[in-house]
Amino acid sequence: MASANALPPTGNGLVVSFGEMLIDFVPTVSGVSLAEAPGFLKAPGGAPANVAIAVARLGGKAAFVGKLGDDEFGHMLAGILKENDVRSDGINFDQGARTALAFVTLRKDGEREFMFYRNPSADMLLTPEDLNLELIRSAKVFHYGSISLIVEPCRSAHLKAMEVAREAGCLLSYDPNLRLPLWPSPEEARQQILSIWEKADVIKVSDVELEFLTGSNKIDDESALSLWHPNLKLLLVTLGEHGSRYYTKNFHGSVDAFHVNTVDTTGAGDSFVGALLCKIVDDQSILEDEAKLREVLKFANACGAITTTKKGAIPALPTEADALNLINEKNGKEGVLEALKSRCIIL
């Protein structure tokens, strides 16, 4: 059995995360509609910001690039990034638009539904001229989603940032983070998400996103590999309580999930991505070493699982010690079971 001690160290290289940061309003009670909710907890969110804080929480170096409203919520979010040791010199403030808000319905199984207030919100108004290009060039990993592709001028800013990162030699990491209510149509979402597909070195999709992008209801290797492109180094499919699958040019496989008491799945995928990126930022050879990659993905699965045990994403993001404790706890239980099995055989 592989030990958690085989986990590669967290790197010192900078992970720059590009996109949206917003306020999630999460119901105080699970399993009710927005109208039925007796109240809401205010929680900072936005997938790219979650990833940046996940990296920093795990001891890595992270920066966020995006635009916030020049309002109380915007300055609160910028303060949260700073409090979590995420560099904020990539943030712009817009005086004419508000910080985005999202109301999140928690179903009884912990899954979410969204209602957004963005028409337009400040993140949509980021321009290519707003970008801190020196910050982007200093990154070793440049991470992004697809929400920033929905409208101009943010789409042009996204494409420019990717181009600058690529020219600077960054590893490009892409998590589409599908939010269908924000797109004009499912067809437009699929087309735009795939429009930058072949630029990425690492891509992570959920099982739901896999179904959406392939048009297939099968979650299998054939379906996943239909999304492969020649320049890709790693394709990941997260499967919630069923763990994750990984695909490279030379090998593929799956890593089991950690079973916890799930309260809210918000941010679990972002926590998973942050855990992966902080481990490969200084050592991309991990992507070609299956044993090392499996250790990193076990760690990422643990981080994702822990994030589901509290309401809201950022408060629930784990430290490395939290993740290692969960891994060691699982290893201990498996060791006891193996010992009992062997004892039964002997008896």
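The values are calculated or read from the model by the stated rules, or taken from the named source; none is laboratory data. Quick caveat: nothing in here was measured; it's all calculated off a predicted structure. Note: ideal-geometry Cβ built from the backbone for every residue, glycine included; neighbour counts use all protein chains shown. Each accessible area value is taken on the protein alone, full model and side chains, heavy atoms only, with ligands, DNA and RNA left out. Shrake-Rupley method; radii C 1.70, N 1.55, O 1.52, S 1.80 Å.
Out of GLY79, LEU7, SER223, whose Cα points farthest toward the positive end of the dipole of the chain (charges: +1 Lys, Arg; -1 Asp, Glu; placed on Cβ)? Checking the options against the dipole of the chain, the answer is LEU7. In this rough spin-label picture, where each label sits 7 Å from Cα along the Cβ direction, the ARG137-LEU41 distance is 4.3 nm. The label-point distance for ASP221 and HIS252, in a model that sets each label 7 Å from Cα toward Cβ, rounds to 0.6 nm.
Working from Cα pairs under 8 Å separated by at least six residues, relative contact order for the range 14-335 is 17 percent. Run through the DSSP bridge list for the range 14-335 and note the antiparallel percent, rounded to the nearest 5. Antiparallel bridges make up about 40 percent of those DSSP assigns within the range 14-335. Here the Kirkwood formula puts the hydrodynamic radius of the range 174-304 at 15.2 Å, using every distinct Cα pair.
Annotation: amide H-H contacts under 5 Å for ARG98 (H modelled 1.01 Å from N, sequence separation of 5 or more, or interchain): ALA122. Of the residues THR248, THR99, THR266, the one that moves most in a GNM of the chain with alpha-carbon contacts below 10 Å is THR248. Per residue, the range 168-230 exposes 44 Å² of solvent-accessible protein surface, assessed with a 1.4 angstrom probe and all protein chains in place. Each Lys and Arg contributes +1 and each Asp and Glu -1, all at the Cβ; summed about the Cα centre of the chain, the dipole is approximately 520 debye. Split the accessible area of the range 14-335 by element, probe 1.4 Å, and carbon with sulfur accounts for 48%.
Here r is the Cβ-Cβ distance between SER156 and ASN261 and R0 is 35 Å; the resulting FRET efficiency, rounded to 0.05, is 0.20. Each of ASN92, PRO44, LEU135 was placed along the dipole of the chain (beta-carbon charges, centred on the mean Cα), and the one lying farthest toward the positive end is PRO44. Comparing LEU182, LEU126, LEU317 in a Gaussian network model of the chain (Cα springs below 10 Å), the most mobile by mean-square fluctuation is LEU182.
The H on the amide N of LEU227, modeled in the peptide plane, is under 5 Å from the matching H of no residue at least 5 residues off or on a different chain.
In this calculation the C-beta distance from LEU324 to GLU129 is compared with R0 = 35 Å, giving a FRET efficiency of 0.20.
In a solvent-free Debye calculation with one equal scatterer on each Cα, what is log10 I(q)/I(0) for the chain at q = 0.07, 0.09 Å⁻¹, listed in the order of the q values? Those come out to -0.27, -0.46, one per q. Of the residues ASN325, ASN92, ASN301, which exhibits the maximal mean-square fluctuation in a Gaussian network model of the chain defined by a 10 Å Cα contact cut-off? Maximum fluctuation in the GNM of the chain, among the listed residues, is at ASN325. The stretch between VAL32 and ASN231, if pulled fully straight at 0.36 nm per residue, gains 67.2 nm over its current Cα-Cα span. Beta-bridge orientation, the range 90-199: approximately 60 percent antiparallel, per DSSP, counting only bridges with both partners inside. Stretching the chain fully between ARG107 and ASP70 yields a gain of 10.0 nm (0.36 nm per residue, less the alpha carbon separation).
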